[in-house]
Number of protein chains: 2
Amino acid sequence: MSLKVVIIGAVALGPKAACRLKRLRPEAEVAMIDQNALISYGGCGIPYFISGDVSEARQLQETSFHMVRDAEFFRLAKDVKVLTRTKALAVDRQIKKVRVRNLDIGEEADLPYDKLLLATGSRPNRLNVPGADLDGVFTVTGLEEAVRIKERIASGQVARAVVVGGGAIGLEMVEALSDLWGIETTLVEIQDQVLPGVIGPNLARMVRNTLAENGGAEVYLSEKVLKFEGRGRVERVITDRRTLETDLVVLAAGVRPNADLARAAGLEVSPGGAVVVNSRFQTSDPDIYAGGDCIENMHLITGRRVYFPSGSLANRQGRIIGTNLAGAVEEFDGVVGSFILKCFDLAVGAVGLSLPRAGAEGFEAFSAYVVQGDRAHFYPDMDLMHLELVVERPTGRVLGLQGLSNKGDALAARIDAVAAILKYRPTIRDISHIELAYAPPFSAAMDILNALGNTAENILTGQNRPIDVDEFAAIFNRRDQDGFVCLDVRGSANAEPFVQKYPDVWINIPQERLRERIDEVPADKELILVCNSGVRSYEAQITLDEKGIKNTRNLQGGAAAIKKWGLDLLEEED
Amino acid sequence: MSLKVVIIGAVALGPKAACRLKRLRPEAEVAMIDQNALISYGGCGIPYFISGDVSEARQLQETSFHMVRDAEFFRLAKDVKVLTRTKALAVDRQIKKVRVRNLDIGEEADLPYDKLLLATGSRPNRLNVPGADLDGVFTVTGLEEAVRIKERIASGQVARAVVVGGGAIGLEMVEALSDLWGIETTLVEIQDQVLPGVIGPNLARMVRNTLAENGGAEVYLSEKVLKFEGRGRVERVITDRRTLETDLVVLAAGVRPNADLARAAGLEVSPGGAVVVNSRFQTSDPDIYAGGDCIENMHLITGRRVYFPSGSLANRQGRIIGTNLAGAVEEFDGVVGSFILKCFDLAVGAVGLSLPRAGAEGFEAFSAYVVQGDRAHFYPDMDLMHLELVVERPTGRVLGLQGLSNKGDALAARIDAVAAILKYRPTIRDISHIELAYAPPFSAAMDILNALGNTAENILTGQNRPIDVDEFAAIFNRRDQDGFVCLDVRGSANAEPFVQKYPDVWINIPQERLRERIDEVPADKELILVCNSGVRSYEAQITLDEKGIKNTRNLQGGAAAIKKWGLDLLEEED
């Protein structure tokens, strides 16, 4: 008798597992059910569908060669039976049957299984505030809801929008709404930075600055939505600080695992609400598997379970589950949290832990931050890339990497290289020595990633004593009270405007003249050393150390970081 | 008494070691000599200087912020003494002095050292044929020679050029000469493919095809240069097959280590002519270090010494040597051979061993080849990327990765991720599971690299029985003799022209109809299964296996590979 497998959920992980299983055991009888009509779509593409980059919802359902992955496709091409608009009501583990209901005709039936896969995914966090169920308050986790958002925009009903939540989906939606459609978009985030938990405050500030500059989007941080108001349709968002008039609200306040069926069937569920699985994705019932957005994963840096919903992860796990359903053994080790995001012309990448998160996880950590060209400095389309490496002190263990770049693929190259090795517990030395592919159109001879490893080592040994731009901005704003001086070691053409504007706290001695002009350095003051990117100021710090002037800090990223951060020291006074 | 260090060679590794040493030990006295006037330049930028992408030679010498790294710069900014136009004549290890001569005034002197660094680099292989010393026969290893080439081109003296050598520099020079300057350029390579030793024949054929299409460059393979002819200046290149009229010859026939000084000083030199060093870059005399292009490195895949000249490697090794010169201990493990090249709009990447090289190194190896989008299939600027994974049989150990893409940074992301883990001896499973950063603008949910690992696994287990396009082309050309049939499993719109043109050997049954039309399959013939990319043909192979039809091979990369390879099956007959 052939193996009977039922799969609940047909978006990403379910179809992948079904197809892998069928390739290994073509005789298996596979039934896949989904309560929606649209299945097997690229859910991560929803912001690009809404923006118009992807014109038809159907495209998110297609294969690379334009076949639509609907029930008929799965029947013919994959020999997998798909029941759409079919809801799984309950799992009876004793008799190994799933009770299902057809949502169109109301008919119920039992699907028998030998093995069952829960691919029930996630559901969006809806705010528990008045008006959250008003018309016009949308989430973007399903394709059918996305179609409704786009219809509303395309019909000209949306001039203003509010996005609630500054995570990845929130930022993608800000771009989707404001860039192509020209909708006046406001982002409200409850925490004090965008992308909390993904990047540190320094880079987050730079992302926010980019949003404001490129997109013209208003960003309100540390601000809590209290209610939504409107007659029938949403018209206002009331936060704890202001009222925002709006025609549309996108709730992008994260998602949580959908473990209802598992819980009802008596399977083990974690305190975070996720289905608990082993390394083969078996639940507490070994004939029932679960994976993707309804489970948690081992985080390979912290050694703790983490919730990391991701379409890519769902696909990779789906294949592994398919292998296990077929009777072979394949294990999954865990995740390192690789992340990349396009937001207007900026790409934001991350892997492992950000500095705040490393602290929250109990690591004694510091970070090194480098701004450098993504190509050889002489190559025409060179852009500055920003990378931050998070390191455990004193072991030198690498905990994470985050970065920004206008060239997303070039950023991905650095993120992916570190993502690939994180499971091997690399140290700074592994970053300093990493052998990336080199040619002038793609990297500098000393790649920014190697330079970042070197900088982290210099910080760890105390050779480089940095200050980041976040702290610099705070100090600079208190410059009347604090007794510091900025020693600008660039050429005078760069430095002069600052010296003119801030004569009390800004002096200029080019790095290459520092040895001969050492007597001009105010050795009694705390010195903040500034250059274009943090390299020459580091050289200056060493020279000053040698001369016995040790009360210095080197501004990481230099003027390039100041600019990206949005601290305009030369702007006209109001 | 302060540490005295002499560094011979001031292009890449020498300056890096000098600066690192000075940062760790500011009191050290460092003298760096070079026989050329121009120092500390990005030698890898020479093709881009010649092409005009970089307009001034000076730019290759600048820092990121436009300071020229000349002797004066090193004196002031780095406290390093530089002697240009100064040749090291001999090293006296007994009295620890280097005999040097000033090439302008002829004066000789002795430079005493406590530690000596040989950063003598490489020299180009000049062909040992008549006329190789004619005017107009250039190499491109030094900036001064590059200036002369560019002057000659810019003055309108070059309508035709011949590049000898189809390695990285040769291909970069083909682009440099033909793309911007419009010079009619011919490439002559003695081996039977471009980039021998770097990529396998299948990808090499695709690169060659690109050269011919994009650049219009003639490429002659398996062809040996016998002599150069001309009156005073080169006018003709005579090969064993033809005569090429030319105004300029670029010899790009590789480089070899320059170990003359080391050999004369009695230091150990390898059979390959490289200075022998330990993991700290100490030569057989522990007070003398060497690194960069004058040494060989441990290859982390083969465990054997390999010559891998690279400006990036020189920089990384320079820093490590600086650390060791300063008295600390830092070791270098070896290289994995990361490589990337821009050639017209195509990028070629590689790391580890190509399939032919794996065979030559004694590995029983096979390769998997996948063509897939570099972004989500629905994302607007998606391009097809080509990747080949070289794997040891039966261990599944990953030996190398090579690839092609029009988006070089996107290719670098995959190459770099594998480059980063190669030292940990990954297997196919590590590639299948690798967690690259995912968002639709940067990758597919199942990234091409994951898909490549999956494909390799399917080949290793015998689930996928492939044929590559190189072999397919050979078989197809013998189709009168061989008894095979191409079973095209695409939709009929794609397949019909082939069926029309090759009715005896080409039939069409779309994959999704294969189960119901199984009786139409000519089960007695060898079947070559064809689709657009190799995915549906793999599905078809499994379906046929299930039906007992097992004499099948799946064309890896499908029609996409056929096209890139340049096999135009539908072209008009002559």
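Quick note: the coordinates plus some simple rules give every number you see, no bench work behind them. Values in this document were obtained by computation on a predicted structure and should not be read as measured data. Here the Cβ is made from the backbone with ideal geometry for all residues, glycine too, and neighbour counts use every protein chain on show.
Counting other C-beta atoms within 10 Å, which of B:Glu546, A:Glu151 has the fewest, and how do the rest follow?
Values: B:Glu546 16, A:Glu151 10.
With the sparsest Cβ surroundings first, the list reads A:Glu151, B:Glu546.
So if I place +1 on the C-beta of Lys and Arg and -1 on the C-beta of Asp and Glu, and nothing else carries charge, what would the dipole magnitude of chain A be about its Cα centre? I want it in debye, nearest 20. Show your work: numbers first, answer last.
Numbers: 66 positive and 79 negative charges, 409 e Å.
With Lys and Arg at +1 and Asp and Glu at -1, about 1960 debye.
Distances in nm, one decimal, shortest first, from B:Pro394 to the same residue in every other copy, taking the label point 7 angstrom along Cα→Cβ.
5.0
Under a Cβ-only charge scheme (Lys and Arg +1, Asp and Glu -1), can you give me the dipole magnitude of region B:64-116 about the Cα centre, in debye to the nearest 20?
The dipole magnitude comes to about 220 debye.
Given Cβ point charges of +1 (Lys, Arg) and -1 (Asp, Glu) and nothing else, what value in debye, to the nearest 20, does the dipole of region A:396-482 about its Cα centre take? All intermediate terms of the calculation are to be shown ahead of the outcome.
Values: 9 positive and 11 negative charges, 45 e Å.
The calculation lands at about 220 debye.
Select from B:Gln463, B:Gln500, B:Leu514 the residue farthest towards the positive end of the dipole of region B:423-531; place +1 on Cβ of Lys and Arg, -1 on Cβ of Asp and Glu, and compute about the Cα centre.
Highest projection toward the positive end goes to B:Gln463.
How do A:Asp504, A:Asp92 line up, fewest other C-beta atoms within 10 Å first?
Details: A:Asp504 8, A:Asp92 12.
Going from sparsest to densest Cβ surroundings: A:Asp504, A:Asp92.
List the distances, in nm and shortest first, from the label point of A:Ala109 to the matching label points in every other copy, placing each point 7 Å from Cα along the Cα-to-Cβ direction.
With the label placed 7 Å along Cα→Cβ, A:Ala109 yields 9.4 nm.
What shape does chain B take by its C-alpha gyration tensor, where a ≥ b ≥ c are the square roots of the eigenvalues and a/c under 1.5 counts as rounded, a/b above b/c as prolate, and the rest as oblate?
Since a/c reaches 1.5 and a/b is larger than b/c, the shape of chain B is classed as prolate.
A 21 angstrom limit on the alpha carbon distance is what I want to check against. Which of B:Lys501/B:Lys563; A:Lys16/A:Lys115; A:Lys16/B:Lys547; A:Lys407/B:Lys423; B:Lys22/B:Lys423; A:Lys81/A:Lys115 exceed it?
Values: B:Lys501/B:Lys563 17 Å; A:Lys16/A:Lys115 16 Å; A:Lys16/B:Lys547 23 Å; A:Lys407/B:Lys423 28 Å; B:Lys22/B:Lys423 31 Å; A:Lys81/A:Lys115 15 Å.
Flagged as over cut-off: A:Lys16/B:Lys547; A:Lys407/B:Lys423; B:Lys22/B:Lys423.
Over all pairs of distinct alpha carbons, what does the Kirkwood formula give as the hydrodynamic radius of region A:506-554, in Å?
On the way: mean 1/r = 0.0941 Å⁻¹.
Evaluated over region A:506-554, this radius sits at 10.6 Å.
In what order do B:Arg256, B:Arg414, B:Arg553 fall by count of nearby beta-carbon atoms within 10 Å, going from fewest to most?
Numbers: B:Arg256 16, B:Arg414 30, B:Arg553 20.
Sorted ascending by nearby Cβ count, the order is B:Arg256, B:Arg553, B:Arg414.
Rounded to whole Hz and in sequence order, give me ³J(HN,Hα) for region A:427-433 from the Karplus expression 6.51 cos²θ - 1.76 cosθ + 1.60, θ = phi - 60°, writing x for Gly and Pro.
Here the 3J(HN,Hα) series is 10, 3, 4, 5, 6, 4, 9 Hz.
Using Cα centres only, tell me the gap between region A:360-410 and region B:156-187 in whole Å.
37 Å
How large is ³J(HN,Hα) for each residue in region A:4-20, as worked out from phi by the Karplus curve 6.51 cos²θ - 1.76 cosθ + 1.60 (θ = phi - 60°), to whole Hz, x for Gly and Pro?
Couplings: 9, 10, 10, 10, 9, x, 10, 9, 10, 5, x, x, 4, 5, 4, 5, 4 Hz.
Which one of B:Pro356, B:Val329, B:Gly318 is farthest out on the positive end of the charge dipole of the protein assembly as shown, using unit charges on Cβ (Lys, Arg +1; Asp, Glu -1) and the Cα centre as origin?
Towards the positive end, the residue furthest out is B:Val329.
What shape does region A:434-518 take by its C-alpha gyration tensor, where a ≥ b ≥ c are the square roots of the eigenvalues and a/c under 1.5 counts as rounded, a/b above b/c as prolate, and the rest as oblate?
Working: a/c = 2.24, a/b = 1.74, b/c = 1.28.
Prolate.
Return the long-range amide H neighbours of A:Thr427 (sequence gap of 5 or more, or a different chain), with a cut-off of under 5 Å between placed amide H atoms.
Those qualifying (amide H under 5 Å, at least 5 residues apart or on another chain) are A:Val398.
How high is the relative contact order of region A:375-500? Use alpha-carbon pairs under 8 Å, at least six apart in sequence, and give a whole percent. Walk me through the numbers before you get to the answer.
Numbers: 124 pairs, mean separation 27.9, N = 126.
For region A:375-500, the relative contact order is 22 percent.
Rounded if a/c is under 1.5, else prolate if a/b is larger than b/c, else oblate: which is region A:316-425, with a ≥ b ≥ c the root eigenvalues of its Cα gyration tensor? Intermediate results must be reported in sequence, preceding the final value.
Working: a/c = 2.54, a/b = 1.41, b/c = 1.81.
Since a/c reaches 1.5 but b/c is at least a/b, the shape of region A:316-425 is classed as oblate.
Taking each label point as 7 Å beyond Cα in the direction of the beta carbon, state the distances from B:Arg425 to the same residue in the other copies, shortest first, in nm.
1.8
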